[in-house]
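The values are calculated or read from the model by the stated rules, or taken from the named source; none is laboratory data. Every value quoted in this text rests on a predicted model; they were computed, and no experiment measured them. In this analysis, Cβ positions are derived from the backbone assuming ideal geometry, glycine residues included, and neighbour counts consider all displayed protein chains.
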Amino acid sequence: MSAFSDKNGVLHAEDIPLPRLAGEYGTPAYVYSADGIRKAVRGLQAAFEKTLPAPAQPLIAFACKANSNIAVLKLMAGMGLGADVVSGGEMERALAATIPANRIVYSGVGKSAREIRDALERGIYQFNVESAPELERIATLAAAAGTIAPVALRFNPDVEAGTHAKITTGREDNKFGLPYGEVKRLYAFAAGHAWLNPVGLSMHIGSQLTSLLPYREAFGRMAALTKALRADGMSIGRLDLGGGIGVTYQDESPLSLEDYAGLVRDIILPLDARIMLEPGRLLVAESGMLLTRVEYLKQTDNRRYVILDAGMNDLMRPALYDAWHTVRPVIRRPGETSACDIVGPVCETGDTFALGRPLPPLEEGDLVALMTAGAYGFAMASTYNTRPLPPEILVDGDRIAIIRQRGSVQDILKDETIPAWLD
Ligand SMILES: *Cc1c(COP(=O)(O)O)cnc(C)c1O
């Protein structure tokens, strides 16, 4: 079964026609396919099962920030996945979804003291450490708590990921990770510290990668660093290779998962460490869409605008990264295509989903799907313009679950107060 497919001229999520979801739950709404997510997870697992021996199978820690709904995380938990979290909030989500603490990796450049204390108390599997002051802070808090902190040092391999500047993370000149020399110094510091347990290295070079080359280069550098640290007497038990595997939004040809696993077998497996992965986008992007309705058609002298009821606050990727999302009418009207600018209702020029996109005829009230929105879609949504958050709907065969209710204006206003002295 395909996550989203056309049946008799009507776009479906698995067995459910989208007009039915729109009718019952309104628009805009995120719609996810459980089967699509399961297939993506199985695809990655299968590539490694084929390529690596059974005892060397990686721990797959789903990068929750891509889609952190607890129902999605529960689906991941049921397939044996761990989680990569970047905040105390995400850690609580992963735990709420029954992902055990010993499968949760804590990443991020700005871990607060409180987040570190909570993660220690919960028995987190490892902190991926990004700076010397962070390592010192973890050491101090671990000593105070009387708990030994498992730490992996995030190594910045300084490779060009060939992806959008706002999602590249493995260059020397961005805020992520530690350079080679710094890793050696800090690893030795951690090894000599009573409250730190240096368990290995981690890296994450960027997102939406469609070529193996940056991985090949980065894995090679990680292997060299592992050998150098071991030569200094350090013990490296885990190698966390990060995430970043890309998907098809438009016409990208994604890298082959078997080739990726082959690279891991050739470069990382011989190092005899526990292999860990942190995929986010790969596991959820193609299994989600944003279902919207056409509010207005607006024709100016030279442009045809399609104004949707979804805006950049609901799906931020086009405004943030100039990202492409396929725009698909749920029911295709017959007739010639014409170039349309697909925009939202938010008062920003950046609130544009697509420019000059050829689309078949549309009318007010028509349903339109913004495809491939399962990753960094709802997770980045905001209430900008005081627009309530959209609901999230999970379809599984012919089953429908509202895994997050639509927000309301009361929700937004309830945390605000007018000081008495303004009255
Ligand atoms: C965002 C992130 C990931 C996931 O990246 P994807 O491109 O979604 O696979 C993995 N690890 C870290 C540390 C991240 O920040």
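Some observations on this one:
- When THR169 is tested against the conditions (1) at pLDDT below 95; (2) under 22 Å from the mean Cα position of the chain (by Cα); (3) more than 16 Å from the ligand (Cβ to nearest atom), the lone failure is (3).
- Across the stretch 101-133, the qualifying residues are those that are basic (Lys, Arg) and free of Cβ contacts under 8 Å to residues at least 40 places away in the same chain, and the one among them that is nearest to the ligand (Cβ to nearest atom) is LYS111.
Quick grid of which residues meet (1) in a loop (DSSP other than H, G, I, E, B); (2) loosely packed, with under 15 Cβ neighbours inside 10 Å:
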| position | (1), (2) |
| --- | --- |
| ALA379 | no, no |
| SER382 | yes, yes |
| ASN385 | no, yes |
| VAL395 | no, no |
| ILE400 | no, no |
| ILE403 | no, no |
| ARG406 | yes, no |
| GLN410 | no, yes |
| ASP415 | yes, yes |
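- Restricting the first member to the stretch 84-100 and to residues that are in contact (Cβ under 8 Å) with a residue 40 or more places away in the chain, and the second to residues that are within 14 Å of the ligand (Cβ to nearest atom), the beta-carbon pairs closer than 6 Å and six or more apart or on different chains are ASP84/ALA61; ASP84/ALA63; ASP84/VAL105; ASP84/SER107; ASP84/GLU278.
- Looking across the stretch 324-344, the residues that are closer than 23 Å to THR248 by Cα and surrounded by 20 or more Cβ atoms within 10 Å (Cβ to Cβ) come down to HIS325, VAL327, VAL330, CYS340, ILE342, VAL343.
- Looking across the stretch 142-166, the residues that are surrounded by fewer than 21 Cβ atoms within 10 Å (Cβ to Cβ), modelled with pLDDT under 75 and in a loop (DSSP other than H, G, I, E, B) come down to GLY162, HIS164.
- Of all residues in the stretch 129-141, at least one satisfies being under 24 Å from the mean Cα position of the chain (by Cα), more than 20 Å from MET276 (Cβ to Cβ) and surrounded by fewer than 22 Cβ atoms within 10 Å (Cβ to Cβ).
- Number of positions in the stretch 35-66 that are within 17 Å of GLU392 (Cβ to Cβ) and touching a Phe, Trp or Tyr at 6+ places or on another chain (Cβ under 7 Å): 1
- Taking each residue of the stretch 45-67 that is closer than 14 Å to VAL85 by Cβ and within 16 Å of the ligand (Cβ to nearest atom) and looking for partners that are part of a loop (DSSP other than H, G, I, E, B) and aromatic (Phe, Trp, Tyr) with beta-carbon atoms closer than 6 Å, six or more apart or interchain, yields ALA66/TYR376.
Each row is one residue, and each column tells you yes or no for (1) in contact (Cβ under 8 Å) with a residue 60 or more places away in the chain; (2) surrounded by fewer than 20 Cβ atoms within 10 Å (Cβ to Cβ); (3) polar (S, T, N, Q); (4) in contact with a strand residue (DSSP E or B) (Cβ under 6 Å, 6 or more places away or on another chain).
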| residue | (1), (2), (3), (4) |
| --- | --- |
| GLY177 | no, no, no, yes |
| VAL183 | no, no, no, yes |
| GLY192 | no, yes, no, no |
| LEU201 | no, no, no, yes |
| ILE205 | no, no, no, no |
| GLY220 | no, yes, no, no |
| ALA231 | no, yes, no, no |
| VAL247 | yes, yes, no, no |
| GLN250 | yes, yes, yes, no |
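- Filter result for ILE138 (away from the ligand (no atom under 16 Å from the Cβ), within 25 Å of ARG185 (Cβ to Cβ), touching an Asp or Glu at 6+ places or on another chain (Cβ under 9 Å) and not in a loop (DSSP other than H, G, I, E, B)): no
Residue-wise test of (1) crowded, with 17+ Cβ neighbours inside 10 Å; (2) of a type in the set (Asp, Glu); (3) in a strand (DSSP E or B).
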| residue | (1), (2), (3) |
| --- | --- |
| ASN302 | no, no, no |
| TYR305 | no, no, yes |
| ALA310 | yes, no, no |
| VAL346 | yes, no, no |
| ALA373 | yes, no, no |
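- Condition met for THR326 (out of contact with any Leu (no Cβ under 9 Å at 6 or more places or on another chain) and either modelled with pLDDT of 95 or more or farther than 25 Å from LEU21 by Cα (or both)): no
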